[in-house]
Amino acid sequence: MSEDLSIFVGAGDTDQNLLLKYGNRHGLIAGATGTGKTVTLQTLAEGFAAYGVPVFLADVKGDLSGMSQKGGDNPKAVERAKLLKIDGYGGRAFPTMYWDLFGEKGQPIRTTVSEMGPLLLSRLLDLNATQEGVLNIVFKVADQQGLLLLDFKDLTSMLQWCAENAAQLTTEFGNVTKPTIGAIQRALLVLDQQGGQQFFGEPALDLKDMIMRDANGVGCINVLAADKLMQSPRLYATFLLWLLSELFETMPEVGDTDRPKFVFFFDEAHLLFDDAPKALIDKIEQVVRLIRSKGVGVYFISQNPLDVPESVLGQLSNRVQHALRAFTPKDQKAVKTAAQTFRPNKKFDAADAIIELGVGEALVSFLDAKGAPTPVERCFVAPPQSRIGPATDAERQVVIKASPLAGKYERVVDRDSAYEVLMGRAGAGQHQDADMTPPAAPSAPRRRGQYGAPPPPDTAPGGPWGTPPLQPQQQPQWNPPPPPQAPTYDTPPQPRLRRSLPPEEAPAPRAPARRTDSVVDAITKSAARTVTNVVVREATKAIFGRGGIGSSIVRGVLGGLLK
């Protein structure tokens, strides 16, 4: 075994070494809280880095940040080094790169919405099957139209457009309803409140910036500040799964090599599998199974081996098991399961030993030179050479400023993408309608026009989004009404992609009506009619006396003549 490159992990009756050529066969570090899992992780990470293998690990508690500082002065570490007879034990600082999704304790990490993809994004948003299907339609429509989904506002604008055109999309892709899109938008709001919006954007992470070595050939230790990120467990798990998937997609096949190309430590691994749908579990199993041939080793750190599904647990060849406490029937089952995962050793019972282990003591089983698991051994874990504990804020800032990536990711780049294109096309469509029928006088826009049907595909050169935006020098002096503010996100007003209807033409003027009489004329005519009636009545009485047909005839004739 000494002929092969190996990492010294600890010693008991015999030395326990992890062969470097089998470092990409994955592994598990398990144990109850406070039993030494973090120190074991630190020892393994330093071993890989010393042989030029870059490492990525999540710093959940904040105490792994001290790997950038020289250690060796911790009394317990010195005592353990003497116990294991480590000659020349001393402190050593390792090249460290700090990362932080929120950009507070390290280089910001971003990816685009398109790179995340609908499967992981659905997992991140905790969508059901129906909502995930609609989200796939949104990605499909954006892909067909050549629209880039880079940041949060690109996705929200696409969702808004799909909600407004649900009927049109339903006929082409299947049932798309506004309530389903509304549920996705509410899930995005929750993610936004957890700080997830900062994760999407550009410049996106280049994985080559993690797979680095210093001038002496020591592998870079990438430390992700996860203390704040752990407050959003789903974002934490989805991000690490995305990073693992990106490694799988981008790294080339290398087959069996003398050492891994990259080693990935996944702390609090149970968060990855809690409530995960079967499709996601299958995806994780596929990545873990196949990424070995690309020279990537994956090590899960969890309190209980039962946290990892059996389909994934069977792929983990290198095991370090710290103490478990069997206080409940469930704990006893976990102890029994952990013991059964090891190759038995006739010297002791693994189930009893797991309960008896002290802090910094573990049961280990690695692959031997032939690639077979060694019998389980009880050993004391070797101490790390870097600081056991966190780095101060001042020390962290010094490391960040000295990093070769300083200034590369801090500034956000917002190039033209789906949001900008949709906004531009919406403005061009409204302007085109205004030129077709210019209004005689400015008037308030019709609400119907803002929410009307989109232009027919056969008349709009740009498809359902309308015509391309005009060049700045061709823009006429016309100010469209401002779109209403989005009610759910603190972003610029979202685009309204419906064509505005042309303003109504003024109604044709009516023919003037016959002039009516004035009040004075009406009074005069009424008085004349009254006088006429009196004269006729009196004349009739004088000629014919009262009553009779003759008097009625004369009264009618005289009345008609005097009008």
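Some notes on this structure:
- Rounded percent of accessible protein surface that carbon and sulfur make up, segment 62-136, 1.4 Å probe: 46 percent
- Potential lengthening between K346 and Q144 on full extension [0.36 nm per residue; Cα-Cα distance subtracted]: 66.4 nm
- Each peptide among 140-151, 287-298 gets the average number of other Cβ atoms lying within 10 Å of its residues, and from highest to lowest they stand as 287-298, 140-151.
- Solvent-accessible area per residue, Å², over segment 13-102 with all protein chains present [probe radius 1.4 Å]: 35 Å²
- Surface accessible to a 1.4 Å probe, per residue, for the residues of segment 307-410, Å²: 51 Å²
- Compactness of segment 1-156 is given as radius of gyration and Dmax, 22.1, 66 Å, from Cα positions.
- Size check on segment 35-92: the Cα extents along the three principal axes, sorted descending, read 29, 26, 20 Å.
- With all protein chains in place and a 1.4 Å probe, the accessible surface of segment 249-351 carries 49 percent carbon and sulfur.
- Gain upon complete extension [R289, K76; 0.36 nm per residue less C-alpha separation]: 72.9 nm
- Flagged links, alpha-carbon separation over 30 Å, of K85/K370; K333/K370; K70/K294; K82/K401; K76/K370; K208/K283: K333/K370; K70/K294; K82/K401; K76/K370
- Size check on segment 211-262: the Cα extents along the three principal axes, sorted descending, read 38, 26, 15 Å.
- Surface accessible to a 1.4 Å probe, I211 within the full protein complex, Å²: 50 Å²
- Legend: Rg and Dmax of segment 262-323, from Cα coordinates, 11.4, 33 Å.
- Only protein heavy atoms count here; on that basis, with a 1.4 Å probe, T177 has an accessible area of about 40 Å².
- The orientation-averaged shadow of the Cα convex hull for segment 148-220, equal to a quarter of the hull surface, comes to 7.2 nm².
The values are calculated or read from the model by the stated rules, or taken from the named source; none is laboratory data. Every value quoted in this text rests on a predicted model; they were computed, and no experiment measured them. Because the Cβ atoms are built from the backbone with ideal geometry, glycine has one as well, and the counts that use them run over all protein chains shown. When the accessible area is computed, the model is the full protein with side chains, heavy atoms only, and any ligands, DNA or RNA have been set aside. Shrake-Rupley method; radii C 1.70, N 1.55, O 1.52, S 1.80 Å.
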